[in-house]
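*Asks:* Handing you a structure now.
The values are calculated or read from the model by the stated rules, or taken from the named source; none is laboratory data. Please read these numbers as outputs of a predicted model, since none were measured by experiment. Please note: Cβ atoms are built from the backbone with ideal geometry, for glycine as well, and neighbour counts cover all protein chains shown. Protein only, heavy atoms only, side chains kept; ligands, DNA and RNA dropped before computing areas. Shrake-Rupley method; radii C 1.70, N 1.55, O 1.52, S 1.80 Å.
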Amino acid sequence: MQRRFNVFSYKERYGLRLQRLTLDGGFACPNRDGTLGAGGCTFCDNAAFHPAYTHGKSIFKQIDAGIEFHQARGRKADGYLAYFQAYSNTYAPLSILKERYEEALSHPNIKGLVIGTRPDCVDSDKLEYLASLQTSGKIVEVEYGIESVYDESLQRVNRGHDFACTEKAVRDTAVRGLPVCGHIILGLPGETREMLLEEARVLNSLPLSSLKFHQLQIIKGTPMEREFTQKPENFLRMGPEEYVNLLADILERLRPDIAIGRIASSVPPAFTDSPWGLVKHDELMRRLERCLEDRETCQGQRMADCESEERFVVL
Ligand code: SF4
């Protein structure tokens, strides 16, 4: 099918319909345990992202429960990926990482790992180990919370690392042949529309294989909520229509080979007062496709505005 943007697909990447199972590997975060800070990133409430089936279970049992959860919803899969998502999933000595990842890989339905982490929580030993798992035939993907390419934004949200750290982690990971996905938040305080378009140019310079975009969600009780209440004018607030338009502008400037894994996310309604309500991701993807169609444009179409004449390839 001809698409106007490069939609991430496991089927295309690995020839299999794979379902991710979100797991809690019991890892901590250096921005919460006092190593870098205790308050965490100002937008973060990790509890908002934990499915109920992960609570109080071993990794193996979480996988069983996760499979049951997806099967009960009629989702068919050729296999599953253990998605270590909660907190920073490389933030432990290598021996502990091996123990937890290998518990997941010992499950007969698990084909590989997706590791979500901070860019300051990897080193060459950990990356070499992940690359060795991939060489042994497992699927291994690394996802970094990039959030922003701007140091002033990273500082403002108390991220605890700068963009140079992200750049190094992404390059060190990709050079070992591991696919790298980056998470980007659109709408952090102080960031303008122009900055977000310029961000695409910076992202194009990184060896990323995929990206996930998230609209800034103001989670109740976070420092971000307090900042928003005090100075809403510092935030680029967008309704779904405006957001889709912004995404179209960004995708037009983004390298066509970067697959788009997500364009928005949503926490359970109890965690936010967002007027968006629960985001229907598929519907938003369709709207983005339509928006690009109406413009008669596609991903990478305006890269020349940034740096290259390369054009989108039909998927
Ligand atoms: S967003 Fe990630 S890095 Fe930041 S405080 Fe939360 S768990 Fe830690």
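*Asks:* Could you check which residue among Leu16, Leu196, Leu208 shows the biggest mean-square fluctuation in a GNM of the chain with a 10 Å Cα cutoff?
*Replies:* Of Leu16, Leu196, Leu208, the Gaussian network model singles out Leu16 as fluctuating most.
*Asks:* I'd like the antiparallel share, as a percent to the nearest 5, of DSSP beta bridges with both residues in the chain.
*Replies:* Bridges in the chain that DSSP calls antiparallel: roughly 5 percent.
*Asks:* Let me ask something else about it. Set Lys and Arg Cβ to +1 and Asp and Glu Cβ to -1, take the dipole of the chain about its Cα centre, and tell me which of Tyr14, Val175, Phe27 lies farthest positive.
*Replies:* The residue sitting most towards the positive pole is Tyr14.
*Asks:* Would the chain count as rounded, prolate or oblate if I go by the C-alpha gyration tensor, calling it rounded below 1.5 in a/c and otherwise prolate when a/b exceeds b/c, oblate otherwise?
*Replies:* Rounded is the answer for the chain, as its axis ratio a/c remains below 1.5.
*Asks:* If you average the C-alpha positions of the stretch 110-134 and of the stretch 41-87 separately, how far apart do those two centres end up, in angstrom?
*Replies:* 19
*Asks:* When the chain is treated as a GNM, springs tying every alpha-carbon pair under 10 Å, which of Pro119, Pro269, Pro30 comes out with the largest mean-square fluctuation?
*Replies:* Pro269
*Asks:* Send over the Kirkwood Rh of the stretch 1-101, from the inverse of the averaged 1/r over different Cα pairs, rounded to one decimal Å.
*Replies:* 15.7
*Asks:* Another one. Per 5 Å bin, what percent of the C-alpha pairs of the stretch 79-136 does each bin hold, from zero upward?
*Replies:* 4, 19, 30, 30, 13, 4, 0
*Asks:* While we're looking at this one, here's another question. Of Gly39, Ala304, Val149, whose Cα points farthest to the positive end of the dipole of the chain (charges on the beta-carbon: +1 Lys, Arg; -1 Asp, Glu; origin at the Cα centre)?
*Replies:* Toward the positive end, the furthest listed residue is Gly39.
*Asks:* Given R₀ = 22 Å, what would the calculated FRET efficiency be for Glu194 paired with Asp162, taking r from the Cβ atoms and rounding to 0.05?
*Replies:* E between Glu194 and Asp162, to the nearest 0.05, is 0.55.
*Asks:* Measure off, as a whole percent, the carbon and sulfur share of the 1.4 Å-probe accessible area of the chain, all protein chains present.
*Replies:* 49
*Asks:* Separate question: Please give the calculated 222 nm ellipticity per residue for the chain, where each DSSP H segment of at least 4 residues contributes -39500 (n - 2.57) and the sum is spread over every residue; nearest 500 deg cm²/dmol?
*Replies:* -10500 deg cm²/dmol
*Asks:* Sticking with this one: Where nothing but the Cβ of Lys and Arg (+1) and of Asp and Glu (-1) is charged, how large is the charge dipole of the chain around its Cα centre, in debye to the nearest 20?
*Replies:* Once rounded to the nearest 20, the dipole reads 1000 debye.
*Asks:* With the chain treated as a Gaussian network of Cα nodes joined by springs under 10 Å, which of Asp33, Asp172, Asp249 yields the largest mean-square fluctuation?
*Replies:* Of Asp33, Asp172, Asp249, the Gaussian network model singles out Asp33 as fluctuating most.
*Asks:* Using Cα pairs under 8 angstrom and six or more residues apart, how large is the relative contact order of the chain, in percent?
*Replies:* 19
*Asks:* Residues of the chain: accessible area per residue at 1.4 Å, in Å²?
*Replies:* I get 44 Å² per residue for the chain.
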